[in-house]
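K.L.:
Dropping the structure in here first, questions after.
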Amino acid sequence: ALSSATDSTPRFYSRAMQHRALRFIRTETRLRDAFGKNQFELWFQPQVSLADHQVHQVEALVRWRLPGGEVAPPNEFLPVARAANLTVPLDRWVLTTACATLRKWLDDGLNIDRMAVNITAEDVRCDDFVAFVRSQLVRFGLPPSVLELELTESTLMDANDDTLRKLSELRDLGLDIALDDFGTGYSSLSYLHTLPINILKIDQCFIRNILTVETDAAITRSILWLANNFRLNTIAEGVESREQADFLKALHVDMTQGYHYARPMPDPAFRQWLDRWRQGDSVAS
Ligand code: C2E
Ligand code: MG
Ligand code: MG
Ligand code: MG
């Protein structure tokens, strides 16, 4: 597989540096300031179609670049954002940046026509959520089909009628809605068909040992059976090897995403990766 030198985890830092970074991240004031100081970045991880090995879409994943240069992954600062009521401003920054990036990519002829963004329940609950999403599409002259909203299973399980109505409205507009981390929550099967979703994203915890742990393979096959019956598209995340990709292809999973193909990367690195991927495409498939 093609791989990138870019890494989302600050694993090369010393323990002291990491402690300093963590203290920084845990400060609410610093997170608040991060907006004005332009310290957030959107990184992109390709989603690969298993049928033809093409890449036409990515997932956008937020990063926080600290003044020392370290890059903090979302799991380290999202809890702080949540406690400080900053998830909505963050989601909105991500949505706007996603649309701005897609516009640039379209203008540059990159041939990437869809971006998945992670959305929190708090954001969907805002009165102006649907209006905000529409306004960003209009602002950047994009059709609704360029956006896919990823919501986690736990978010959707707790969803009230208002949230479901808003998501249906966005589906009707032409956006895709994916159920992220599927299989880790406890959604009942009867509930699944009432959700306004069209994509199931199989959680990486089932993919990790899919070749060696028979129950993980069985769960994945059950999820795919379910998706097929509900006419949902499927994507597997956390694919780290060629063997896992081959296994998932044999099960007719639609899309895959993971370190086997590429880690999340900033825009310039993603463009370079995409060039190399498309040059080597015939060899890779
Ligand atoms: P997620 O949406 O399930 O994203 C997948 C996570 O798995 C990402 O971590 C990604 O970098 C990582 N990943 C991808 N491929 C592999 C692989 O092959 N192996 C392994 N071990 N990991 C892989 P990341 O970027 O650290 O994000 C973690 C979580 O933070 C995301 O999980 C999502 O729930 C949340 N998140 C990320 N970006 C945003 C955002 O912009 N807004 C919101 N609200 N949440 C976000
Ligand atoms: Mg996601
Ligand atoms: Mg996920
Ligand atoms: Mg996950």
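K.L.:
Determine, yes or no, whether R231 is within 15 Å of ligand 1 (Cβ to nearest atom) and out of contact with any Cys (no Cβ under 9 Å at 6 or more places or on another chain).
P.N.:
So R231 does not fit the description; no.
K.L.:
Sticking with this one: Of the numbered conditions (1) in a helix (DSSP H, G or I); (2) modelled with pLDDT of 95 or more; (3) within 16 Å of ligand 3 (Cβ to nearest atom), V48 fails exactly one; give the number of that condition.
P.N.:
Here V48 meets the rest and fails (1).
K.L.:
While we're on this one: Which condition breaks for D161 when tested against (1) touching a residue at least 24 places away in the same chain (Cβ under 8 Å); (2) farther than 24 Å from T101 by Cα?
P.N.:
D161 satisfies every listed condition except (1).
So that you can scan it fast, the table gives a plain yes or no per residue for (1) closer than 17 Å to L147 by Cβ; (2) within 16 Å of ligand 2 (Cβ to nearest atom); (3) of a type in the set (G, A, S):
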{"residue": "L42", "(1), (2), (3)": "yes, yes, no"}
{"residue": "Q57", "(1), (2), (3)": "yes, yes, no"}
{"residue": "L61", "(1), (2), (3)": "yes, yes, no"}
{"residue": "V88", "(1), (2), (3)": "no, no, no"}
{"residue": "A98", "(1), (2), (3)": "yes, yes, yes"}
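K.L.:
Looking at region 16-43, I want the residues that are touching a residue at least 40 places away in the same chain (Cβ under 8 Å) and under 17 Å from L78 (Cβ atoms) and have a partner that is away from ligand 2 (no atom under 16 Å from the Cβ) and open to solvent by 80 Å² or more (accessible area, probe 1.4 Å) with Cβ atoms under 6 Å, at least 6 apart or on another chain. Which pairs are those?
P.N.:
Listed by first residue and then by second, the contacts come to F24/R30; E41/R65.
K.L.:
Next up: Look through region 114-129, keep the residues that are assigned to a helix (DSSP H, G or I) and open to solvent by less than 10 Å² (accessible area, probe 1.4 Å), and return whichever of them is farthest from P79 (Cα to Cα).
P.N.:
The qualifying residue farthest from P79 (Cα to Cα) is F129.
K.L.:
Would you check if there is a residue in region 29-38 being away from ligand 1 (no atom under 14 Å from the Cβ), modelled with pLDDT of 95 or more and hydroxyl-bearing (S, T, Y)?
P.N.:
Scanning region 29-38, I find no residue that is away from ligand 1 (no atom under 14 Å from the Cβ), modelled with pLDDT of 95 or more and hydroxyl-bearing (S, T, Y), so the answer is no.
K.L.:
Separate question: Any residue that is more than 20 Å from Q272 (Cβ to Cβ), touching a residue at least 12 places away in the same chain (Cβ under 8 Å) and among the basic types (K, R) - is there at least one of those in region 84-101?
P.N.:
Yes, the conditions are met somewhere in region 84-101.
K.L.:
Pick from region 153-208 the residues that are of a type in the set (D, E, K, R), part of a helix (DSSP H, G or I) and more than 12 Å from ligand 4 (Cβ to nearest atom): which of them is surrounded by the fewest Cβ atoms within 10 Å (Cβ to Cβ)?
P.N.:
D161
K.L.:
So for region 258-274 (the condition being over 18 Å from H56 (Cα atoms) and open to solvent by 30 Å² or more (accessible area, probe 1.4 Å)), does at least one residue qualify?
P.N.:
No.
K.L.:
Moving on to the next point. Say we look at region 57-81 and pick out the residues that are open to solvent by 60 Å² or more (accessible area, probe 1.4 Å) and within 16 Å of ligand 4 (Cβ to nearest atom); which of these is nearest to the chain's Cα centre (by Cα)? Lay out the reasoning, then the answer.
P.N.:
First pass over region 57-81, keeping only residues open to solvent by 60 Å² or more (accessible area, probe 1.4 Å): 65, 67-68, 75-76, 79.
With the extra rule that they be within 16 Å of ligand 4 (Cβ to nearest atom), the set shrinks to 75-76, 79.
Working: N75: 13, E76: 16, P79: 18 Å.
My answer is N75.
K.L.:
Look at N111 and say whether it is within 16 Å of ligand 2 (Cβ to nearest atom) and surrounded by fewer than 17 Cβ atoms within 10 Å (Cβ to Cβ).
P.N.:
Here the answer is no, as N111 does not meet what is asked.
K.L.:
Further, regarding this structure: Among the residues of region 232-239, are any open to solvent by 10 Å² or more (accessible area, probe 1.4 Å) and closer than 23 Å to R63 by Cβ?
P.N.:
Within region 232-239, one or more residues are open to solvent by 10 Å² or more (accessible area, probe 1.4 Å) and closer than 23 Å to R63 by Cβ.
K.L.:
Among R103, R63, R92, which is in a strand (DSSP E or B), charged (D, E, K, R) and at pLDDT 95 or above?
P.N.:
Details: R103 fails: in a strand (DSSP E or B); R92 fails: in a strand (DSSP E or B).
Among R103, R63, R92, only R63 is in a strand (DSSP E or B), charged (D, E, K, R) and at pLDDT 95 or above.
K.L.:
Could I ask something else about it? I'd like the residue in region 182-213 that is within 16 Å of ligand 2 (Cβ to nearest atom) and small (G, A, S) and, out of all such residues, is modelled with the lowest pLDDT.
P.N.:
The extreme case among them is G185.
K.L.:
Being under 18 Å from the mean Cα position of the chain (by Cα), open to solvent by 10 Å² or more (accessible area, probe 1.4 Å) and within 14 Å of ligand 1 (Cβ to nearest atom) is true for just one of T96, T87. Which residue is that?
P.N.:
T96
The values are calculated or read from the model by the stated rules, or taken from the named source; none is laboratory data. In this text, all values refer to a predicted model and were calculated from it rather than measured experimentally. Neighbour counts run over all protein chains shown; Cβ positions are idealised from the backbone, glycine included. Only protein heavy atoms, including side chains, enter the accessible area calculation; ligands, DNA and RNA are left aside. Shrake-Rupley method; radii C 1.70, N 1.55, O 1.52, S 1.80 Å.
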